[in-house]
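Take a look at the structure below.
The values are calculated or read from the model by the stated rules, or taken from the named source; none is laboratory data. Please read all numbers here as calculations on a predicted model, not as lab measurements. Here the Cβ is made from the backbone with ideal geometry for all residues, glycine too, and neighbour counts use every protein chain on show. With ligands, DNA and RNA removed, areas are computed over all heavy atoms of the protein, side chains included. Shrake-Rupley method; radii C 1.70, N 1.55, O 1.52, S 1.80 Å.
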Amino acid sequence: MSAPIAVVTGASSGIGAATARQLAAAGYRVVLTARRKDRVEALAAEITEAGHQATAYALDVTDRAAVNEFASAFRTLAVLVNNAGGALGLDPVATTDPEDWRRMYDVNVLGTLHMTQALLPALTASGDGTVVVLSSTAGHGTYEGGAGYVAAKNGARVLAETLRLEIVGTPVRVIEIAPGLVKTEEFATTRFRGDTDRAAAVYAGVAEPLTADDVAETVTWACTRPPHVNIDLLVVRPRAVPLSPSRR
């Protein structure tokens, strides 16, 4: 039997790259998508050299035409991990840049919508499909300066919740993983536009924030449950920061 296929968006770094590695090790043939072609190609080569199966595909999830073209290659699909996303800025509502909000909504919400709509037929045709939405603890609360990102992650959360209700009775399950305070090489640096001091301050005083591998292990565990088991929602935080809203 051929290996089941798993598509991972935003696979060029961080949680996406770690998830691709772990799903491949779990026996999936992973298809890595991201805008940075060189990064996903390097990761696909790494996974292949480790004895697993991986393919790279340069893709912008906000480009619906490109997403449709990508999806046309799949007759069946086992797993879609909607990981592409991110935050921009930490400004108050009174002074925030609306363009940052638009960009966050485009990738976190509409990107997830594009990929899910385009690949849902293949997920259904597999007879045992799984849609994973990587939201955030920010989608389950708010904090000063976080309104734009919180709104976007709330959108992703509601998309997952609603889709689960709408497709009940079909052979597709919908899983939401909501991590908080994950220290990766790019998330906070991108949010603060390259300001490494501000990025480092996010994790100040936290001995052990989550890692990308921690979240990837959670995603892989949820995807490999028996078909009748749906992990509706997993909220994952470091033990040291159980509820702090400013740490989302």
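Would you rank Glu161, Glu186 by solvent-accessible area, highest first, keeping every protein chain in place and using a 1.4 Å probe?
The most accessible residue leads, giving Glu161, Glu186.
Is the stretch 1-51 rounded, prolate or oblate when judged by the Cα gyration tensor, a ≥ b ≥ c being the square roots of its eigenvalues, rounded requiring a/c under 1.5 and prolate requiring a/b larger than b/c?
Prolate.
How far apart, in nm, are two points set 7 Å out from the Cα along the Cα-to-Cβ line at Ala94 and at Arg35?
Once both label points are built, they end up 3.2 nm from each other.
Please work out whether the stretch 15-98 counts as rounded, prolate or oblate from its C-alpha gyration tensor, where a ≥ b ≥ c are the square roots of the eigenvalues and a/c under 1.5 means rounded, while otherwise a/b larger than b/c means prolate and anything else oblate?
Numbers: a/c = 2.41, a/b = 1.72, b/c = 1.41.
Prolate shape, in that a/c is at least 1.5 and a/b is the bigger ratio.
List the trypsin sites (Lys or Arg not before Pro) within the stretch 41-137 that fall in a DSSP loop (any state other than H, G, I, E or B) and whose Cβ has at most 16 other Cβ atoms within 10 Å.
Sites meeting the loop and neighbour criteria: Arg75.
Report the gain in length on full extension from Asp197 to Arg75: 0.36 nm times residue separation, minus Cα-Cα distance, nm rounded to one decimal.
Value of the extension gain: 39.3 nm.
What residues of the stretch 42-73 lie in the reach of a label at Thr224, counting those whose backbone N is under 18 Å from a point 7 Å from the Cα along Cα→Cβ?
Under cut-off, by backbone N: 47-48, 50-54.
Might you tell me the accessible area per residue for the stretch 98-248, computed with a 1.4 Å probe and given in Å²?
Accessible area per residue: 46 Å².
Long-range amide H contacts for Val236: which residues qualify at under 5 Å (H placed 1.01 Å from N, peptide plane, sequence gap of 5 or more or a different chain)?
Long-range HN contacts for Val236: Ala178, Gly180.
Counting helices only, and only those DSSP H runs with n ≥ 4, report the 222 nm mean residue ellipticity of the chain as the sum of -39,500 (n - 2.57) divided by its residues, in deg cm²/dmol to the nearest 500.
Per the formula, -12000 deg cm²/dmol.
Amide H neighbours of Val7 under 5 Å, counting only residues 5+ apart in sequence or on other chains, H built in-plane at 1.01 Å?
Excluding prolines and chain starts, which carry no amide H, the hits are Val31, Val79, Leu80, Val81.
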